[in-house]
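All remarks here apply to the structure that follows.
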Ligand code: UTP
């Protein structure tokens with residue numbers, strides 16, 4: 001099963017990041033000098049993905065502008081001899097074939113993924129959530145693609161989370177197959193303490209077969225009145241093989257303030273142009289000198 005297409009659902013309302021998300025998509029918030037969604041596109045491209053569909057909505061056209069050329073800006077950079085900036089400005093538009101479709105109503109992640117049916121056709125495809133940034137040796141979605149190819153199964157990216165936060169995620173019932181790979185037999189979105197299957201939670205990465213589409217078409221609204229991808233995946237894992245990949249890497253949920261600040265500070269600490277200055281700044285703050 002070769003995976004060449006990816007879908008990035010990015011049509012959520014971003015209410016946890018209000019008020020900024022009133023007019024700026026959360027996927028466009030900068031993590032140092034690039035919007036969050038640029039890191040996700042880079043992960044997909046580094047994993048061999050060639051075509052990417054972003055599920056967007058009428059308030060999110062800033063994403064399309066970012067992945068396009070900017071003729072006026074480029075003409076100015078050329079005229080003023082700033083050739084190195086010209087390359088930086090054009091790079092996002094040249095990275096991959098990016099397509100867009102609007103989710104006309106915000107009816108949930110399952111409903112958003114269903115918008116990709118025509119783009120995907122019959123191929124297996126990757127899903128990367130638009131606000132989950134991953135840092136890893138091997139791109140996280142590549143780790144899932146490798147598992148899909150090895151086991152001929154759909155795959156979900158998981159990590160163990162503590163019991164006090166599992167109720168925010170989808171908890172999985174699993175049995176071990178081999179190192180870091182588990183068979184998925186059941187799952188529940190946002191479980192109560194009594195409903196928790198395990199501390200393995202799905203964290204923003206999936207490789208699915210097109211069998212998910214007829215399932216999502218029949219999936220009624222679930223938790224929070226939204227059409228939940230989890231409910232569709234639960235049916236999928238019972239009718240065909242699904243593996244959970246306990247992936248290597250760190251996940252940043254940039255859709256909430258703590259995750260956003262964590263990503264911003266950690267990425268800045270790795271950026272050669274500001275890291276010395278930032279370390280000094282933080283040290284001084286921590287010592288109460290400022
Ligand atoms: P989230 O729950 O993290 O995003 O959805 P949200 O709904 O924007 O968040 P809050 O709670 O209001 O702050 C997970 C992913 O699914 C997408 C989001 O953009 C995010 O990438 N999503 C969610 C859609 O594309 N459409 C939807 O109807 C819901």
Next on the checklist: Helix 257-269 against the longest principal axis of the chain: what's the angle in degrees, Cα atoms only, rounded to the nearest 10?
Outcome noted: 50
Next on the checklist: For the pair residue 185/residue 18, report the inter-label distance in nm, with labels modelled 7 Å from Cα in the Cβ direction.
Outcome noted: 4.3
Checklist entry - Between residue 261 and residue 99, what is the FRET efficiency for a Förster distance of 25 Å, r being their Cβ-Cβ separation, to the nearest 0.05? => result 0.20
Checklist entry - In what order do 27, 42 fall by count of nearby beta-carbon atoms within 10 Å, going from fewest to most? => result 42, 27
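Calculate, for residue 80 and residue 42, the FRET efficiency according to 1/(1 + (r/R0)^6) with r their C-beta to C-beta distance and R0 35 Å; round to the nearest 0.05.
Numbers: r = 28 Å, r/R0 = 0.80.
The computed FRET efficiency comes out at 0.80.
Within a 10 angstrom radius of the beta carbon, how do 33, 164, 246 rank from fewest other beta carbons to most? Before the final figure, lay out the partial values.
Working: 33 12, 164 8, 246 16.
Fewest-to-most Cβ neighbours within 10 Å comes out as 164, 33, 246.
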Checklist outcome for this item: Per-residue Cβ contact counts at 10 Å, fewest first, order 106, 219 as 106, 219
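Projected area of the range 84-226, taken from the Cα convex hull and averaged over every viewing direction, in nm²?
Numbers: hull surface 45.0 nm².
Averaged projected area of the range 84-226's Cα convex hull equals 11.3 nm².
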Item to check | Rounded tilt (10° steps) of 83-94 against the dominant C-alpha axis of the chain | outcome: 20
Checklist outcome for this item: Eigenvalues of the alpha-carbon gyration tensor of the chain, times 5 and square-rooted, give semi-axes in Å, largest first, of 32, 24, 19
Checklist entry - So what are the radius of gyration and Dmax for the Cα set of the range 27-143, in Å? => result 15.6, 49
Checklist outcome for this item: In degrees rounded to 10, the 0-90 angle between helix 140-151 Cα long axis and the longest Cα principal axis of the chain is 30
Item to check | In nm, spacing of pseudo-spin labels at residue 87 and residue 272 (7 Å Cα→C-beta vector) | outcome: 1.3
Checklist entry - By average Cβ neighbour count within 10 Å, what is the ranking of 78-85, 177-184, 204-211 from highest down? => result 204-211, 177-184, 78-85
Item to check | Extension reserve of the residue 281-residue 138 stretch, reckoned as 0.36 nm per residue once the Cα distance is removed | outcome: 48.3 nm
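Only the coordinates and a few stated rules stand behind these numbers; no lab work does. Quantities reported herein were computed from a predicted structural model and do not represent experimental measurements. Glycine gets a Cβ as well: all are built from the backbone with ideal geometry, and neighbour counts include every protein chain shown.
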